[in-house]
């Protein structure tokens, strides 16, 4: 499907001339081809300060389109303050707050530093990040390591001694051992893992059970080869094995690596980022570069863990929807029937979700296939103009966060239409 | 569903009185409850001579209902002769053949020794077997270890130096290290692995990709803990990791452990074994004890690996259909859409297969669930009388064997109706 057919429609929005439609169509093909040409490889785990472009010791990255420091009032605020202490930039939360107000500590969006963040997305100089590199171009995408399944995580807006200690273990034990293993083997190719996991019930956003198991199969021998089998190494293996969402952060770094390949192509309406801060859903398209198109966050239709209520939850950012941006998550709902209680309610409903997503995407992925749909490729390359035209917005699988911190459940977020319309208008004008 | 409704039908076959139908219904409930009460645990890997009841150094077990030695003419014959040499019972194939004709080496059915066999199913005294034990009753089921994915395997009727060497590696390296790991941990519970794997696209017969990955996750640390991380141990881990069908033999030993719990209940028409030798499909039911009901093997509707033709294939036995006997494999087709090219042709067809299987089974498994069917439990407890009554026979997922040895592909076997009718008649008479 191309955007050319739009010219036949009447609409209050600007309408493309035939020539304009051709231009966009070709631009979108270029953008999607660039995404499909990426051969993502998990090559390393490295400190943020070394790995991320434009990073400084006094910069703290967080999820979503940027806001003024004073606008962060919930989980993102708590996590940024925690990171300031973790990095030794302040002695107390009050001092950190003052430095942040004064601009002596900078808060910046992950997406502008080759990185995506999970929930609060807080990423600071000494933290290790997964490095996913395109074997073809060398372009890289990054994401911090999964922090474990404990409710108390910086990811979910909690800062305390437990969180500090786990972040230190990740930095001192997990990261160097994974780095040594990956460097020794030359890395792990990601496309075959995603392909395999889609055939094993993962959507690669809310569910990464299979991908984590397959990655574990591939990592065990390199980890042993590079590090031996001492207690720390066995703890590293246990950590990967026990956390079914470990691969999510690999999928996110992969999504960033892929989506960035499509950025900056004039006239292209392909979505290159979708992200949440505490207050806004925002997106970027290829043809509109760094500009964020924003809207308030719609309600998350979530199934919460036993005993929790909607009033207990709050948005605190999130960029895991980079997986939807590359055809996974809600777009691949029909691959992940185990999630039916969290998305759609039945296998049939999940197939309908994916089938709708074909109407707003440029193509189908040639390798990432969905068995329940006769091995059709996942809907790939969200076209903001098709979204604006059809009124169908991306279906997003998302985790729910507890207001006071922690993982509360998961559900389906239906993206708001306005930012897609604004992007379409900006591209057409 | 019970068999009681049969009394209302007219039929050429014997018809139960109301009292007879009640008796059978209660007997089937007892049989299926006994199966459901089993809590299978993989507890050890042990030599056949130690592990299997009634085993002797001069006995060789093979798949299917028993035949005279002269009746084995294909892959089973070659594998039995190979095993005689492997055990040092003869110096040459001719000598082995003479001893087998003379009854100085005995050929016996696996099923009579607490064991099931893969394809030829050849199982001899020094080979190691997986030991699956019911935590509740202590009853055990056994199966040799998966031999690897090489075309040249005793399993597929090949005997040569390569096969010999791999069997020796399994005996000397793989088995003792797995045994040490399992003994140290107290074993691995199987129900949660099967439950998880059904949610990850396995049918646990033709596809064990997820179950193998999950078992690997659970075995790595015990294997390292019991054996260290030397080259042999790393080879053991690599073997499990690289063979997606490794878990199949665990599932088979599990099936045997479960099905044996239902044996010998008077009047029960629940199927306790289905097995192939080179020439016959055969089954047993609970109420008819050790008696085999036999029929010629129907055509396997197989998809063969690239370049192979039907004429290249041959039946050479098989008891992996113990998985269907406990509700997996073809009965759980709707869990394993990745197999659609081998079974049914589409996801919809695979759902139809499983839905039909509910018509010939006594109940649904309370733990082993199928996401595509709204987490309905797998069809469980094949009732020979329901098969005879409905004319619907079990759908079986099976590997295809190359005539000269090796794995040729996989497909769907529709069980013949006659043995079910004969069993029903025997139970009703």
Rounded tilt (10° steps) of B:175-185 against the dominant C-alpha axis of chain B: 60 degrees
One decimal, nm, shortest first: give the distances between the label point of residue A:184 and those of the same position in the other copies, each label point 7 Å from Cα along Cα→Cβ. 1.9
Peptide A:330-336 - average C-beta neighbours from other chains (10 Å radius): 1
Which semi-axis lengths, in whole Å and largest first, follow from the square roots of five times the eigenvalues of the Cα gyration tensor of the stretch B:332-389? 20, 14, 7
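Based only on other Cβ atoms within 10 Å, what is the fewest-to-most ordering of B:29, A:91, B:278? Can you show the working numbers first?
Details: B:29 17, A:91 10, B:278 23.
Sorted ascending by nearby Cβ count, the order is A:91, B:29, B:278.
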What Kirkwood radius, in Å to one decimal, follows from the Cα pairs of the protein assembly as shown? 28.9 Å
How far is helix B:246-259 tilted off the main Cα axis of chain B, in degrees rounded to 10, range 0 to 90? 40 degrees
With equal scatterers on the alpha carbons only and no solvent term, can you work out the Debye log10 of I(q)/I(0) for chain A at 0.11 1/Å? -0.78
Residue-averaged beta-carbon neighbours from other chains (10 angstrom radius) around B:346-354: 2
By what distance, in whole Å, do the Cα atoms of the stretch B:40-254 stretch along each of the three principal axes, largest value first? 48, 36, 30
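At 222 nm, what helix-only mean residue ellipticity would the protein assembly as shown give, in deg cm²/dmol to the nearest 500, using -39500 (n - 2.57) for each DSSP H run of four or more?
Helices in the protein assembly as shown give a 222 nm mean residue ellipticity of -10500 deg cm²/dmol.
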Using R₀ = 35 Å, calculate the FRET efficiency as 1/(1 + (r/R₀)^6) where r is the Cβ-Cβ separation of residue B:311 and residue B:230; round to 0.05. 0.15
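Per Stokes-Einstein, at 10 °C and 1.306 mPa s, what whole-number D in µm² s⁻¹ belongs to the stretch B:205-261, with the Kirkwood radius over Cα pairs as the hydrodynamic radius?
On the way: Rh = 12.2 Å.
In µm²/s, the coefficient is 130.
Restricting to the protein assembly as shown, compute how many DSSP beta bridges are antiparallel as a %, nearest 5.
90 percent
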Placing the label point 7 Å from Cα along the Cα-to-Cβ direction, what are the distances from residue A:376 to the equivalent spots in the other copies, shortest first, in nm to one decimal? 2.4
Translational diffusion coefficient (Stokes-Einstein; Kirkwood radius from C-alpha pairs) of the stretch A:182-334 at 10 °C, 1.306 mPa s, in µm²/s: 91 µm²/s
Put in order of increasing Cβ neighbours within 10 Å, starting from the fewest, A:356, A:306 give A:306, A:356
In degrees, nearest 10, range 0 to 90: what is the angle between the Cα axis of helix B:209-227 and the longest Cα principal axis of chain B? 40 degrees
Taking each label point as 7 Å beyond Cα in the direction of the beta carbon, state the distances from residue A:225 to the same residue in the other copies, shortest first, in nm. 2.6
Rounded to the nearest 0.05, what FRET efficiency do residue B:165 and residue B:104 give with R0 = 25 Å and r taken as the Cβ-Cβ distance? Could you check? 0.40
The relative contact order of the stretch B:40-254, taking Cα pairs under 8 Å that sit 6 or more residues apart, comes to a percentage of 26 percent
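Antiparallel versus total DSSP beta bridges in the stretch A:40-254: what percent is that, nearest 5?
Around 75 percent of the beta bridges assigned by DSSP in the stretch A:40-254 are antiparallel ones.
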Exposure proxy order (Cβ contacts within 10 Å, fewest to most) of B:260, B:39: B:39, B:260
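Rounded to whole Å and ordered largest first, report the semi-axes of the equivalent ellipsoid of the stretch A:270-428 derived from its Cα gyration tensor (root of 5λ).
Taking √(5λ) for each eigenvalue gives 24, 22, 11 Å, largest first.
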Calculate the all-directions average of the projected area of the stretch A:231-320's alpha-carbon convex hull, and give it in nm². 8.6 nm²
Distance from a point 7 Å along Cα→Cβ of residue A:15 to each backbone N in the stretch A:401-429: keep the residues under 18 Å and list them by number. A:424-429
Counting only DSSP beta bridges with both partners in the stretch B:32-155, the antiparallel fraction in percent, to the nearest 5, comes to 75 percent
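For chain A, what's the relative contact order in percent, using C-alpha pairs closer than 8 Å and at least 6 residues apart?
Details: 1024 pairs, mean separation 85.0, N = 429.
With pairs under 8 Å counted, the relative contact order is 20 percent.
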In percent, what relative contact order does the stretch B:177-298 have, based on Cα pairs under 8 Å that are 6 or more apart in sequence? 19 percent
Find the Rg to Rh ratio for the stretch A:20-140, where Rh is the Kirkwood radius over alpha-carbon pairs and Rg uses the same atoms. 1.09
For the stretch B:304-373 (alpha-carbon point model, no solvent) the Debye-based log₁₀ I(q)/I(0) at q = 0.16, 0.18, 0.19 Å⁻¹ works out to -0.65, -0.79, -0.85
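Per the Kirkwood formula on distinct C-alpha pairs, the Rh of the stretch B:109-176 is how many angstrom? Write out the running numbers ahead of the final one.
On the way: mean 1/r = 0.0781 Å⁻¹.
Hydrodynamic radius (Kirkwood, Cα only) of the stretch B:109-176 equals 12.8 Å.
Values quoted throughout were computed directly from the atomic coordinates according to the rules given, and no laboratory measurement underlies them. No experiment lies behind these values; they were computed from the predicted model shown. Glycine gets a Cβ as well: all are built from the backbone with ideal geometry, and neighbour counts include every protein chain shown.
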